[in-house]
1. Which one is farthest from the ligand (Cβ to nearest atom), of the residues in region 210-243 that are under 25 Å from VAL166 (Cα atoms) and part of a helix (DSSP H, G or I)?
2. Among the residues of region 102-119, is any more than 16 Å from the ligand (Cβ to nearest atom), within 17 Å of TRP185 (Cα to Cα) and part of a helix (DSSP H, G or I)?
3. Scan region 186-209 residue by residue and report those that are closer than 18 Å to PHE251 by Cα, within 13 Å of the ligand (Cβ to nearest atom) and of a type outside the set (A, V, I, L, M, F, W, C).
4. Could you tell me whether GLU206 is assigned to a helix (DSSP H, G or I) and at pLDDT 90 or above?
5. For region 91-139: of the residues being among the basic types (Lys, Arg) and at pLDDT 95 or above, which is nearest to GLU164 (Cα to Cα)?
6. Would you mind telling me which numbered condition in (1) in contact (Cβ under 8 Å) with a residue 40 or more places away in the chain; (2) farther than 21 Å from VAL176 by Cα; (3) more than 15 Å from the ligand (Cβ to nearest atom); (4) buried (at least 16 other Cβ atoms within 10 Å of the Cβ) LEU133 fails?
7. Would it be correct to say that LEU213 is modelled with pLDDT of 95 or more and surrounded by 15 or more Cβ atoms within 10 Å (Cβ to Cβ)?
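The values are calculated or read from the model by the stated rules, or taken from the named source; none is laboratory data. Quick caveat: nothing in here was measured; it's all calculated off a predicted structure. Quick reminder, even Gly has a Cβ in these numbers, built from the backbone with ideal geometry, and neighbours come from all protein chains shown.
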Amino acid sequence: MRYIEPHAHMVSRVTDDYERMALAGCQAICEPAFWAGFDRSSPAGFYDYFCQLTEHEPRRAAKFGLKHFSWLCINPKESEDVKFAEEVIALIPQFLDRPNVLGIGEIGLNKNSRNELKVLEMHVDLAARHQKLILVHTPHLEDKLKGTQLIIDVLKNDRRIQPERVIIDHVEEHTVDHVLNAGFWAGMTLYPETKCTPARAVDMLEMYGQERLWLNSACDWGASDPLAVPKAALEMKKRGHSATVIDRVVFENPAKFLSQSPNFKI
Ligand SMILES: [Zn+2]
């Protein structure tokens, strides 16, 4: 089996995870910029992180024959201080031409606050000015539906944004149709407890078809599973889905979306 892991925070994972993913058939890993688990104390902390995402991780992945791509931003969790966010966003353009950079992400909302919305709009503007793809994080649990609607409004209000160049991630049963109906791609995140289990994700695939949908593990420093995508593929196989359908969901769909960036070559 071949698959793409379109959302993984490998800076938080051990090298053995790269090996296990390669053994499971992974062809490429895409890493959005994320919260470190603690707030960075200065924009310089982000500068170093962007270097790590564009220089160090691709080299670590290459040791296992894996392609590594990245997305850049200041994540919603650290977006409450708008002045700080402005300084971080000003650092991003110098990294956008690096060979493994796909676009701006994972941007979005965490607590759906006014300041987070302001910073979201700044990121959307950055992506539009540089014609980059966008990867969006949606809030957790009770904030998810409202946050998803607010995010869709921001994206729709910017006339330069083409929905087919945006993936809205961490959809669940109550948000997936909002995202697909608005013309965006939708990502289903496979977490051991919150977000989506493999069984729930396959239920959604069976209900909504396989157009503009992908699966990811979003593995990070918390309880998460870097092999969640191949495990969901196994769940599909157990339910009788054909090899062609499985390949479409775990390989062809992410390849189709990501290939809209000229940097995505596998
Ligand atoms: Zn993430």
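1. Keep residues of region 210-243 that are under 25 Å from VAL166 (Cα atoms), which gives 210-220, 224-230, 232-233.
Keeping just the survivors that are part of a helix (DSSP H, G or I) gives 228-230, 232-233.
Numbers: ALA228: 13, VAL229: 14, PRO230: 19, ALA232: 17, ALA233: 20 Å.
Residue satisfying both the conditions and the ranking: ALA233.
2. No: zero hits.
3. Result: GLY187, THR189.
4. In short, yes.
5. Let us first name the residues in region 91-139 that are among the basic types (Lys, Arg), namely 98, 111, 114, 118, 129, 132.
Going one step further and asking which of them are at pLDDT 95 or above, we end up with 98, 114, 118, 129, 132.
On the way: ARG98: 23, ARG114: 26, LYS118: 23, ARG129: 17, LYS132: 12 Å.
Filtering first and then ranking leaves LYS132.
6. (2)
7. Considered against the rule, which asks whether it is modelled with pLDDT of 95 or more and surrounded by 15 or more Cβ atoms within 10 Å (Cβ to Cβ), LEU213 comes out as yes.
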